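Step one of this worksheet: look at the structure below.
Read-outs throughout are calculated quantities, based only on the coordinates presented, and are distinct from any laboratory measurement. Being a predicted model, the structure only gives us computed values, none of them experimental. All Cβ positions, glycine included, derive from the backbone under ideal geometry; neighbour counts span all protein chains shown.
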Amino acid sequence: MSKVDLPLPPAAFFILFALAEGDKHGYAILQEARKLSDNAFQIGPATLYTTIQRLLESNRIKETPGPERGDSRRRYYRLTSVGRAALNSELVRMEAMVRKSKAMRLRFAESSS
Amino acid sequence: MTGYLRLSSWIYARLVSVYPEDLRRDFGADMALVFADDLAAARRAEGLIGITHVWWCALREVLTIALPCQRTNPRILVPVASFAVNAMILGAELVFALHHPPSGAGPYKPLLTDAIRTVVLWPSVATALIALAISRTSTRGSITSLQLVSPSRERQRGL
């Protein structure tokens with residue numbers, strides 16, 4: 001597995017996360033990224049496509065033909081194995097941080113009592 | 001699509017031209033399409049506040065992504081920056097007014113937003129329009145064309 005630069009930028013993380021469940025076009029990625037972040041991460045078209053451009057260049061996502069009855073004006077994107085590995089690494093990193101923070105809170109609780 | 005959605009899409013399509021060339025070439029049409037979709041969805045969900053929010057987000061991206069690439073090009077930087085900042089002020093004022101509607105009765109009381117509009121906003125809009133006019137004039141203008149055309153014309157005239 002290639003080495004992944006962590007942490008991933010928020011936009012890259014949410015785009016990879018949005019594509020984890022299947023191929024999507026730009027606007028669907030935008031909607032899914034907002035949903036995944038509970039609307040906390042506000043992303044516009046320029047940030048979306050600047051990040052998509054970088055993810056395509058780094059081979060983390062690839063363009064893919066859309067569904068047959070899909071909108072022909074839209075381009076669809078798919079997570080590659082490199083992208084999935086990057087997303088997994090980031091999720092593992094986040095999980096470890098949450099574990100550590102919980103452990104620290106426990107210690108703080110013990111020290112304050 | 002309603003008139004102002006069409007107008008918004010048209011303005012955004014013009015703003016796309018400020019972004020870096022590779023992004024514009026590869027994704028310009030997709031950006032405009034996503035903006036139009038987002039704007040229509042925001043209008044259905046939240047009305048005017050939703051539209052203002054989408055525009056605020058788009059203009060923030062113009063300031064943070066597009067304009068840093070235009071640092072060496074003041075003819076684009078000045079009018080677009082003025083437009084973006086003014087539109088964002090106007091949007092903030094609009095959202096404020098929608099959340100705090102003025103009461104119908106009683107004498108007129110000047111608000112901070114009125115002062116901002118009078119002292120900052122409209123003069124800034126005027127500045128932006130002037131800067132745009134100057135940039136257009138200098139693009140099509142006589143200085144460049146004279147510099148390029150004059151030598152051959154002078155030779156043709158035998159001067």
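A few remarks follow.
- Counted over segment B:1-70 with a bin width of 10 Å, the fraction of Cα pairs per bin, in whole percents, is 21, 53, 23, 3.
- Considering only A:ALA85, A:SER101, A:ALA12, and ranking their Cα positions along the charge dipole of chain A that arises from unit charges at the beta-carbon of Lys, Arg, Asp and Glu, the one farthest toward the positive end is A:SER101.
- Averaged over the residues of peptide A:47-60, the number of Cβ atoms from other protein chains lying within 10 Å of each residue's Cβ is 3.
- In range of the label at A:ASP5: residues from segment A:81-98 whose backbone nitrogen is under 16 Å from the point 7 Å along Cα→Cβ: A:83, A:86-87, A:90
- Ranked by how many other beta carbons lie within 10 Å on average, peptides A:82-88, B:21-27, A:66-72 from highest: A:82-88, B:21-27, A:66-72
- For chain A, the Kirkwood radius over C-alpha pairs fed into Stokes-Einstein at 37 °C and 0.692 mPa s yields D = 213 µm² per second.
- Cβ-Cβ FRET estimate between B:ALA29 and A:VAL92, R0 fixed at 51 Å, reported to 0.05: 0.85
- Listed by Cβ neighbour count within 10 Å, with the fewest neighbours leading, B:TYR19, A:TYR76 appear as A:TYR76, B:TYR19.
- Modelled label reach - A:ALA103, point 7 Å along Cα→Cβ, segment A:52-92 residues with backbone N closer than 16 Å: A:92
- B:THR127/B:GLU21 FRET efficiency (R0 25 Å; Cβ-Cβ; nearest 0.05): 0.35
- Residue order, fewest to most beta carbons within 10 Å, for B:TRP10, B:TRP55: B:TRP10, B:TRP55
- Ordering A:ARG34, A:ARG78 from the fewest to the most neighbouring beta carbons within 10 Å gives A:ARG78, A:ARG34.
- Under 5 Å, built H, 5+ apart or other chain: amide partners of A:ILE61: A:LEU56, A:THR80
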